Amino acid sequence: MTMANGERTYQLKALTDLWTGSVTLEEKNGQIKEKTGPDRLITTGMLGSIRWWFEVLVRGLNGNACDPTDTKCGDRDHCVVCELFGCTGWARKFRFEVLDENSGTKTDQIKQNQTFSLCFTPLRPIRVEEWNLLDATLRLIVEYGAIGGKTVFKPTDELSRAGETHHQDYGIVEILEVDPPITNLNITEVKKYVREERWRKPESKAKDADLAWASLKFFWFVGGKTLTRENTSDSSFNKVLGRKESKACCDCGQVHNPPNKCPKTKRHPKRESEHLVNRNDEISKWLAGSQRESKKVFSFKNPARTFGFVKPGLIDFNAVKGRLTNAWGQNGWDFLTGDKVIDQLFAGKGDRS
């Protein structure tokens with residue numbers, strides 16, 4: 001067993017603002033309510049996002065990763081993810097800090113073009129394979145994904161709406177430096193580690209099936225392309241999700257942008273674009289998500305990238321490519337699947353089986 005227990009620091013640059021969540025309490029009509037905003041950096045939100053992508057990578061390597069919101073992982077029986085990130089009765093193996101450009105603790109929101117660092121300091125011995133997985137996870141986020149919250153927002157080409165929060169890009173970063181650098185990313189040893197028999201396996205096949213899509217085996221990526229809203233009638237994003245494209249009000253047929261209300265109902269408008277083209281389309285229901293469930297398609301305008309997931313038994317890569325072709329046409333973009341992403345994350349580092 002090889003350990004590498006020095007502190008590791010990733011210096012990053014934010015290509016967009018990052019959102020990790022900030023909750024304040026305010027009084028309204030005699031009641032205390034929570035209000036969310038972007039003004040503070042919540043390090044647990046940042047680390048939670050890193051953990052989620054770590055789980056995606058582990059599943060992509062045919063390892064088991066629990067659902068941290070509904071898990072029985074414990075100190076003596078836990079999965080490979082909880083081994084590093086902690087669970088009930090088993091503390092996280094490292095101290096996590098977000099530092100500003102002067103190596104001080106970062107407390108305010110990370111804004112576009114700011115430089116910051118993620119610092120991982122071992123509190124207990126960490127295996128080389130764990131460092132390798134963490135490094136690959138961060139490069140997965142940087143090169144193919146996004147970090148933090150509000151990554152489900154939809155870009156727009158409407159000039160009058162471009163400044164609205166829900167049309168902004170969040171969570172895109174680049175790595176400037178890693179200290180010390182990772183040089184021993186051997187996929188053979190990493191796969192052997194995540195597949196060890198000692199790791200806890202899911203007890204519920206049904207629950208595991210619900211999580212199966214959150215894996216690099218079912219991930220896809222298109223660089224340099226954006227799904228967006230072109231105007232009030234056309235949205236390539238909605239076209240891929242299977243939602244209606246028009247923003248027209250369901251009650252009066254007109255377009256009312258927030259905070260305007262429908263003159264007929266005197267309420268906030270119910271838009272056509274909030275509904276599926278076919279309400280019985282299970283694929284579109286899954287892709288589009290709901291208030292309680294995330295979309296499975298993510299798109300960013302600057303820098304441009306689009307990525308998402310398929311679900312075994314419901315929608316495959318060819319079906320997604322068909323939806324993207326319907327939005328973009330056939331030429332000018334490449335569709336990269338998760339197995340190719342793994343190849344690139346571990347390029348030239350051993351067996352792919």
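The values are calculated or read from the model by the stated rules, or taken from the named source; none is laboratory data. Everything quoted here is computed from the prediction, not taken from an experiment. Glycine also receives a Cβ, built like all others from the backbone with ideal geometry; neighbour counts cover every protein chain displayed. We work out accessible area using only protein heavy atoms, side chains counted, and drop any ligands, DNA or RNA first. Shrake-Rupley method; radii C 1.70, N 1.55, O 1.52, S 1.80 Å.
Under the condition of being open to solvent by 60 Å² or more (accessible area, probe 1.4 Å) and in a loop (DSSP other than H, G, I, E, B), which residue from the range 150-167 is modelled with the highest pLDDT?
Step one: list which residues in the range 150-167 are open to solvent by 60 Å² or more (accessible area, probe 1.4 Å), which gives 150, 157, 159-160, 163-166.
Add one more test, that the residue is in a loop (DSSP other than H, G, I, E, B), and what stays is 150, 157, 159-160, 163-164.
Values: Lys150: 86, Asp157: 66, Leu159: 68, Ser160: 59, Gly163: 66, Glu164: 70.
Per the criteria, the residue is Lys150.
Mind telling me which of the residues Lys266, Lys285 ends up being open to solvent by 30 Å² or more (accessible area, probe 1.4 Å), outside any helix (DSSP H, G or I) and not β-branched (Val, Ile, Thr)?
Details: Lys285 fails: outside any helix (DSSP H, G or I).
One residue alone meets the criteria, Lys266.
Output the qualifying pairs, or none if there are none: Cβ atoms under 8 angstrom, residues six or more apart or on different chains, first residue in the range 185-198 and of a type in the set (Ser, Thr, Tyr), second residue open to solvent by less than 90 Å² (accessible area, probe 1.4 Å) and not in a helix (DSSP H, G or I).
Correct list of pairs: Thr188/Lys349; Thr188/Gly350; Thr188/Asp351; Tyr193/Arg127.
Among the residues in the range 269-276, are any in a loop (DSSP other than H, G, I, E, B) and open to solvent by 30 Å² or more (accessible area, probe 1.4 Å)? Talk me through it step by step, then tell me what you get.
Filtering the range 269-276 for residues in a loop (DSSP other than H, G, I, E, B) gives 269-270, 275.
In the following step, the residues that additionally are open to solvent by 30 Å² or more (accessible area, probe 1.4 Å) were identified as 270, 275.
Checking the range 269-276: at least one residue is in a loop (DSSP other than H, G, I, E, B) and open to solvent by 30 Å² or more (accessible area, probe 1.4 Å).
Select, from Asn318, Asn231, the only residue that is in a helix (DSSP H, G or I) and of a type outside the set (Lys, Arg). I'd like the intermediate steps shown before the answer.
Details: Asn231 fails: in a helix (DSSP H, G or I).
Exactly one residue qualifies, and that residue is Asn318.
Given the residues Gly224, Gly253, which is the only one that is without any contact (Cβ under 8 Å) to a residue 24 or more places away in the chain and either surrounded by fewer than 16 Cβ atoms within 10 Å (Cβ to Cβ) or out of contact with any strand residue (DSSP E or B) (no Cβ under 8 Å at 6 or more places or on another chain) (or both)? Steps first, answer last, please.
Details: Gly224 fails: without any contact (Cβ under 8 Å) to a residue 24 or more places away in the chain.
Going through Gly224, Gly253 in turn, the sole match is Gly253.
Residue under question is Gly338, and the condition is that it be more than 23 Å from Phe153 (Cβ to Cβ), in contact with a strand residue (DSSP E or B) (Cβ under 8 Å, 6 or more places away or on another chain) and not β-branched (Val, Ile, Thr); does it hold? Quick ask: steps written out before the conclusion?
Numbers: more than 23 Å from Phe153 (Cβ to Cβ): yes; in contact with a strand residue (DSSP E or B) (Cβ under 8 Å, 6 or more places away or on another chain): yes; not β-branched (Val, Ile, Thr): yes.
Against the criterion (more than 23 Å from Phe153 (Cβ to Cβ), in contact with a strand residue (DSSP E or B) (Cβ under 8 Å, 6 or more places away or on another chain) and not β-branched (Val, Ile, Thr)), Gly338 qualifies.
Out of the residues in the range 288-310 meeting the condition of being part of a loop (DSSP other than H, G, I, E, B) and open to solvent by less than 30 Å² (accessible area, probe 1.4 Å), tell me which one is nearest to Leu227 (Cα to Cα).
The first filter runs over the range 288-310 and keeps only residues part of a loop (DSSP other than H, G, I, E, B), leaving 289-296, 302-303, 310.
If we keep only those that are open to solvent by less than 30 Å² (accessible area, probe 1.4 Å) as well, we get 289, 296, 310.
Details: Gly289: 16, Lys296: 13, Val310: 17 Å.
Ranking the candidates gives Lys296 first.
Hey, does the range 44-55 have a residue that's at pLDDT 95 or above, open to solvent by less than 50 Å² (accessible area, probe 1.4 Å) and farther than 22 Å from Leu99 by Cβ?
Looking for residues that are at pLDDT 95 or above, open to solvent by less than 50 Å² (accessible area, probe 1.4 Å) and farther than 22 Å from Leu99 by Cβ, one finds at least one in the range 44-55, hence yes.
Looking at Asp334, Asp316 in this structure, which one is free of Cβ contacts under 8 Å to residues at least 24 places away in the same chain and within 21 Å of Tyr144 (Cβ to Cβ)?
Asp316
It is to be established whether one or more residues within the range 296-309 are touching a residue at least 24 places away in the same chain (Cβ under 8 Å) and more than 20 Å from the chain's Cα centre (by Cα). Give the derivation first.
Step one: list which residues in the range 296-309 are touching a residue at least 24 places away in the same chain (Cβ under 8 Å), which gives 296-309.
Checking which are more than 20 Å from the chain's Cα centre (by Cα) leaves us with none.
No, because not a single residue in the range 296-309 is touching a residue at least 24 places away in the same chain (Cβ under 8 Å) and more than 20 Å from the chain's Cα centre (by Cα).
Return the residues of the range 110-138 that are assigned to a loop (DSSP other than H, G, I, E, B) and open to solvent by 20 Å² or more (accessible area, probe 1.4 Å); say none if nothing qualifies.
Step one: list which residues in the range 110-138 are assigned to a loop (DSSP other than H, G, I, E, B), which gives 110-114, 123-126.
Those that are assigned to a loop (DSSP other than H, G, I, E, B) and open to solvent by 20 Å² or more (accessible area, probe 1.4 Å): Lys111, Gln112, Asn113, Gln114, Leu123, Arg124, Pro125.
What about Asp343, is it over 26 Å from Tyr170 (Cα atoms) and in contact with a Lys or Arg (Cβ under 8 Å, 6 or more places away or on another chain)?
For Asp343, the condition - over 26 Å from Tyr170 (Cα atoms) and in contact with a Lys or Arg (Cβ under 8 Å, 6 or more places away or on another chain) - is met.
Would a scan of the range 324-335 turn up a residue that is over 15 Å from Val240 (Cα atoms) and among the aromatic types (Phe, Trp, Tyr)?
Step one: of the range 324-335, the residues over 15 Å from Val240 (Cα atoms) are 331-334.
With among the aromatic types (Phe, Trp, Tyr) added as a condition, the list becomes 333.
Checked against the condition, which is being over 15 Å from Val240 (Cα atoms) and among the aromatic types (Phe, Trp, Tyr), the range 324-335 yields at least one hit.
Inspect all residues belonging to the range 79-98 and state whether any of them is modelled with pLDDT of 95 or more and either assigned to a loop (DSSP other than H, G, I, E, B) or within 16 Å of the chain's Cα centre (by Cα) (or both).
yes
If you check Ile147, Ile182, Ile141, which single one turns out to be part of a loop (DSSP other than H, G, I, E, B), at pLDDT 80 or above, open to solvent by less than 60 Å² (accessible area, probe 1.4 Å) and of a type in the set (A, V, I, L, M)? Before you say what the answer is, go through the steps one by one.
Working: Ile182 fails: at pLDDT 80 or above; Ile141 fails: part of a loop (DSSP other than H, G, I, E, B).
None of the others qualify; the one that does is Ile147.
For Ile172, all conditions in the list (1) open to solvent by 10 Å² or more (accessible area, probe 1.4 Å); (2) under 14 Å from Leu18 (Cβ atoms); (3) at pLDDT 95 or above hold save one; what is the number of the exception?
(1)
Looking at Arg40, is it without any contact (Cβ under 8 Å) to a residue 24 or more places away in the chain, open to solvent by 50 Å² or more (accessible area, probe 1.4 Å) and basic (Lys, Arg)? Don't jump to the end; show me each part of the working.
Numbers: without any contact (Cβ under 8 Å) to a residue 24 or more places away in the chain: no; open to solvent by 50 Å² or more (accessible area, probe 1.4 Å): yes; basic (Lys, Arg): yes.
The answer is no for Arg40.
Conditions tested, residue by residue: (1) touching a helix residue (DSSP H, G or I) at 6+ places or on another chain (Cβ under 9 Å); (2) farther than 18 Å from Phe219 by Cβ.
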site: Asn280; (1), (2): no, yes
site: Ser299; (1), (2): yes, no
site: Gly308; (1), (2): yes, no
site: Phe317; (1), (2): yes, no
site: Lys321; (1), (2): no, no
